[in-house]
Structure formats: structure tokens, C-alpha cells
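All remarks here apply to the structure that follows.
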Amino acid sequence: MKDILEIDDLHLEIRGMAVLRGVDLNVAAGQVHGLVGETGAGKSMVGRAVLGILPGGARITDGNMAFDGIDLAQLPGASRRRMLGRHMSLIPQDPMTALNPVYRIGRQLSDVLRHSLGLGRGAARRRALELLDEVRISAPERVFNQYPHELSGGMRQRVLIAGAFACGPKLIIADEPTTALDVTVQREVLRLIRRLQRNEGTALLFVTHDLGVVAKICDRVSVIHSGRIVECGPAEALFSAPQHPYTRALFAATPRYDRPGERLMPVPRQLTRRMRDDAAAYDQHRRAMARYA
Amino acid sequence: MGERRLWRALAGNRRVVLGGGVVVLLVVVALGAPLLAPEDPLRQDLLDSLLPPRWSGGDPRYLLGTDGLGRDIFSRLIFGARIALTVAVVAASLAAILGTVLGLVAGYFGGWADMVISRLVDIWMAFPPVLLSIVLVAVIGAGLHSVIIAIVIVDWTRFCRVVRAEVLVQREQDYVTSAVTIGLSRWRILLGEILPNLLPVLLVLLTLEMGIAVIVEAILSFVGLSVASDFPTWGGLIQEGRQYVYQSWWLMALPVACIIVVVVGFNALGDGLRAVLDPVMRR
């Protein structure tokens, strides 16, 4: 299958500190690709780099990113903005703050449609209502006229998902979309994302630290550590037979419902320290990894 | 947010009701001055000069008595409200527009634009504001326009500082990131997404600034730098009343009372709005 997103040897610095140190990542069209790693491993930065929404002080120092065969670095600003929303979108982490508090839900959804697809007012309204229905919001008409603070976190995340799928993009970056939700809502939201993704044939880069989530939704998984992809493979293979010691360390640190009472192993302390500023650190800690080998 | 809930919250706040009442009263008096005033505020009658208010034995024709030239104080106070309101609305709005534009640019675009604007604000704030406005009006000449220009030039920094700080907070919010990811341009995000979130703050600042503008206008007309001296302004009335303060204390006390009531009204409204809008809008 064709790759919709190709990232090749991406290096990124924030104020001179190396955050990504040569990330290679390919997302196939129509697939869900999980990107797993600890806090600070650089996983969110990968998604942000693709979308071009890096925080202040962050700079891409090397590497290539191609979306649907188009080199993103070569693309002028205006074309890149047109691509955003239309062909590529984001499901953000925190549904509480990702909607503008002063506008009604309907207006915010319609704005996306009108801006990216050039729909008229009436058409945008009809499509927005359809979208709200598609994300299983039971009273679309009512929610359409509500303000963000009148909705629960789960409802808001559904609205944001509707927004991300609104223009039928080829790629959606989901940046920890379930982290801010409680577990029961998490499940529904995951199912919803999975269903829409299948129906629309959208590729999804699913950034998370939650291995349980990865197991539920992903076709392929990349494990990122200290700004590098340490292991990449089909989800099943990776879960049944992790190759890299770090991946094993990560699994050993995760509780599993099928093995209650199992002792959890923390990831070795040397590895959890901030070592992203030191390119050699990872290799130095090979020995600490050895016990997972 | 539900509009109805907002109105109910506003109506339930004592300061909003009190301040709003004073401001509405000011507007009504200023707009209806020709109808409300019993006498021509400029008509002199030297035979009836320095009459006390009606209740302390004055002429029943003059509710609040007359000044040294026999002009009706009540009518002069009513017409004085026109100048006060004009200056409050026009000067505060223009200062708000100027300060907001510069604050938005400084906060959102940062870099050298922020450097230049922020340093400018710092330099501005080093001048004592009343002195600066007196010097300004002295240089550009007396008159209503000059008073307004002076207030705008002195007070835009209030808006600029607050707006800049607020933009710095808002632009880090996720909804701005969302707006970027749907491909909106920077200006569209600044004006269409961020600015509406600043409206509560701006409304509060604007109300407080109107109170300040009333005081500054009074100061400038007190020192004779506002409108032509025969036209009544509250500051001018204080200045005239000062000469007779030992014989007719009310000549000075009444305009002072007007200024105090109006300024307290604006401040109460501003504080009340801040209390009501903050928790509702920031949820």
C-alpha cells in the first residue's frame, strides 16, 4: 500500500536541545499508525512537525517530510495552509481548551467547512449537523447551538473528531486524543475514531503513551525513545514478540488485565532521565537494557 | 454561553445595577439636556446672582440656586453632563482602539514589533499622566478636540498593556492551534478567534477608562484648557465656584458631587462587569 506520510531522518531542536534525532516513520494510506513513547520522548513533536505547528524555539534541523508525495519543506506557506484542514487535520489532546469558548459549536464546525471546502452557509450547516450525527451526538440540533462550556469533555472530543473528519482528509494526526478523558468515555471515543477512519479510509497517526489504546486501535506501531524510533512493526507482531529491549521494558512497566498480580517493572531510571540532549546517552544505557533482552 | 444566564448574572450584581443606573442616568441627562434644563445655561441675570438652592430659601425658579452671574446652576450642571459624556465615550473609545490594535500586534506577532511597542509603553508610563495631558493641551491649544486627543495619547497604554498580556495567554490556547490546523491566516486568527475572547476584558477596561476620562476632562477644564469658558463643564463650574466658596459653598460642592457620582458609577460598573464576566466567560 502507498505511504501517505513519509518521514525520513527528521531532526528537530528546541532552543538548541535535540528533541528528535533522526525519526523515520511511514504511515500507509488508510492505516492507523501508533506512535508510542514516554513523556518527553518527542512523540508529539513528530505530529506537530508534520502539521507545521511547532512551538516557539523549535527548529527542524535535518530530514525530509513528504505528504502524499509532496515535500512539506518545499511548500510555500499559503499552499501549506490550504493543505491543512482540507487534506490533513488534527484531533487535539485536550478537548477542554481546543474549542474557542466564545463561539457556538455549530459555527465552529461550519467555519471549518466554509473555509476549507468553500461551502455556503446553508450547505455548511447541513453538513455540520450530519457530522454531529456521525460522531453519535444524540441531539445534533441542540448541540449545534450550544457553547463549548455547556458540553462535557467526551462530547467536546466528539465535536473535535467531527471537525477533524469534516473535510475528508487523507491524514489525521491524533495527539493523545483520549488522555484527557475518563476510561469509559475513552473506549467510546476510540471506537468512534476507528469506525470513522475505516469508513472514510483515512490514515491516522495516533500519538499516545498508552499501550492499551495502541493495542485496541493500531495496525502498525512505532516505538519512540529519546527522539528515535527504536522499533516499528505490525501491532500484533510487536505485542506478541517485541524485539527491542526498550519496547520490552515498556511492556514490563504496563499493567495487564490478563496477568493481575504480576509485578510491574519500572523502566530503568537511567532511561527515564532527560537524555534527549545527549545523543550518546541512549547507546550508553544499552547495559541497563540488557536485562530485558 | 446562554445570553439569558448572562443577563441574569448582570442583573444580580449590585455594582452592575448601581453603576449601570448612574451611567444610564448620565446618558439620559446629557442627551435630553435641552428638554430637561429649566433655564438657558448661558442666560445671565445679575439681579438674581448667588441665590441659594430652593430648599434653603432661594428663588423657587432656581432649583439649585444661581452663580455669581445669576446663571441657573441646575441647568449648567445638566449641560455640563454633555461634555462629560462626550469626552468619556469618545476619548475612552479612541484610546481603546489605539491601545488594542498596538497590544494585539505586540502580543501576537512578538519579535521586534513587540519590542518597539513595549518600550514605547514603558517610556510613556514614565511620564506623570496629568502633567503630560496638561502639557499636551497647552501645546496643541485648548478645546474639546484637544482634551480628547490628550486623553487618548496619555491613556492608550492602559489598553495596550492589558491586551498584549492577554493575547500572550490566549495565543497559547489550544483553540488557536486548532485554528492554525484548519489553515486560517494569522490575521484571521488574531481578529476572528483571539479578539472576541478579549471582549470582556476590553469592556471592563473601557468602562473604567470612561471614569478616568471624566476626571481628566474636569481637571483640564478646571485649569481652563477645555471648551470655551462660558459653556458649562463640571471642571469649569468648580473653578468658578471656587471664588465664592466662602459665601456660596454649593457652587463648588454640586459639580464636585456630580463628578464623584459619575466616576463612582463608571468604576462600579467596571468592577461589577469584571466580576460577572470573568467566571462566566472563562469557564
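Things to note:
- Among the helices (runs of 4 or more DSSP H) confined to the stretch A:73-166, the ones with at least 3 residues that are open to solvent by less than 20 Å² (accessible area, probe 1.4 Å) and of a type in the set (A, V, I, L, M, F, W, C) are located at A:105-117, A:121-134, A:153-165.
- Failed item in (1) within 21 Å of A:Arg228 (Cβ to Cβ); (2) more than 14 Å from chain B (Cβ to nearest Cβ); (3) of a type outside the set (Gly, Ala, Ser); (4) surrounded by fewer than 20 Cβ atoms within 10 Å (Cβ to Cβ), with A:Leu5 passing the rest: (4)
- Number of residues in the stretch A:227-248 that are free of Cβ contacts under 8 Å to residues at least 24 places away in the same chain and within 22 Å of A:Asp8 (Cβ to Cβ) equals 7.
- Spans of helices (runs of 4 or more DSSP H) in the stretch B:1-83 with at least 2 residues open to solvent by 40 Å² or more (accessible area, probe 1.4 Å), of a type in the set (A, V, I, L, M) and more than 21 Å from B:Asn267 (Cβ to Cβ): B:33-36
- Residues (open to solvent by 10 Å² or more (accessible area, probe 1.4 Å) and either of a type in the set (Phe, Trp, Tyr) or touching a helix residue (DSSP H, G or I) at 6+ places or on another chain (Cβ under 6 Å) (or both)) located in the stretch B:89-103: B:Val90, B:Leu94, B:Ala96, B:Leu98, B:Thr100, B:Leu102
- Whichever residue in the stretch B:178-190 is free of Cβ contacts under 8 Å to residues at least 40 places away in the same chain and either open to solvent by 30 Å² or more (accessible area, probe 1.4 Å) or under 18 Å from B:Ala275 (Cβ atoms) (or both) and, among such residues, is farthest from the other protein chains (Cβ to nearest Cβ): B:Trp187
- Residue among B:Val201, B:Val264 that alone is on the phi < 0 side of the Ramachandran plot, more than 14 Å from chain A (Cβ to nearest Cβ) and open to solvent by 10 Å² or more (accessible area, probe 1.4 Å): B:Val264
- The selection criterion, being of a type in the set (A, V, I, L, M) and more than 12 Å from the chain's Cα centre (by Cα), does not hold for A:Ile91.
- Number of positions in the stretch A:108-155 that are within 13 Å of chain B (Cβ to nearest Cβ), within 19 Å of A:Leu90 (Cβ to Cβ) and among the charged types (D, E, K, R): 2
- Qualifying positions in the stretch A:27-72 - in contact with a helix residue (DSSP H, G or I) (Cβ under 8 Å, 6 or more places away or on another chain), more than 10 Å from chain B (Cβ to nearest Cβ) and in a helix (DSSP H, G or I): A:Val50, A:Leu72
- Residue list for the stretch B:160-177, restricted to those being assigned to a helix (DSSP H, G or I), more than 7 Å from chain A (Cβ to nearest Cβ) and free of Cβ contacts under 8 Å to residues at least 12 places away in the same chain: B:Val169
- Single residue of the stretch B:163-176 satisfying the filter (at pLDDT 90 or above and not charged (D, E, K, R)) that is most open to solvent (accessible area, probe 1.4 Å): B:Val169
- On the stretch given as the stretch A:162-174, residues that are more than 10 Å from chain B (Cβ to nearest Cβ) and out of contact with any strand residue (DSSP E or B) (no Cβ under 6 Å at 6 or more places or on another chain) total 3.
- Note on the stretch A:167-194: residues that are farther than 22 Å from A:Gly30 by Cα, open to solvent by 40 Å² or more (accessible area, probe 1.4 Å) and not β-branched (Val, Ile, Thr) total 2.
- Search result, residues across the stretch B:204-215 that are surrounded by 23 or more Cβ atoms within 10 Å (Cβ to Cβ) and under 17 Å from B:Leu77 (Cα atoms): B:Val214
The values are calculated or read from the model by the stated rules, or taken from the named source; none is laboratory data. Everything numeric in this text was worked out from a predicted model, so none of it was measured. All Cβ positions, glycine included, derive from the backbone under ideal geometry; neighbour counts span all protein chains shown. Only protein heavy atoms, including side chains, enter the accessible area calculation; ligands, DNA and RNA are left aside. Shrake-Rupley method; radii C 1.70, N 1.55, O 1.52, S 1.80 Å.
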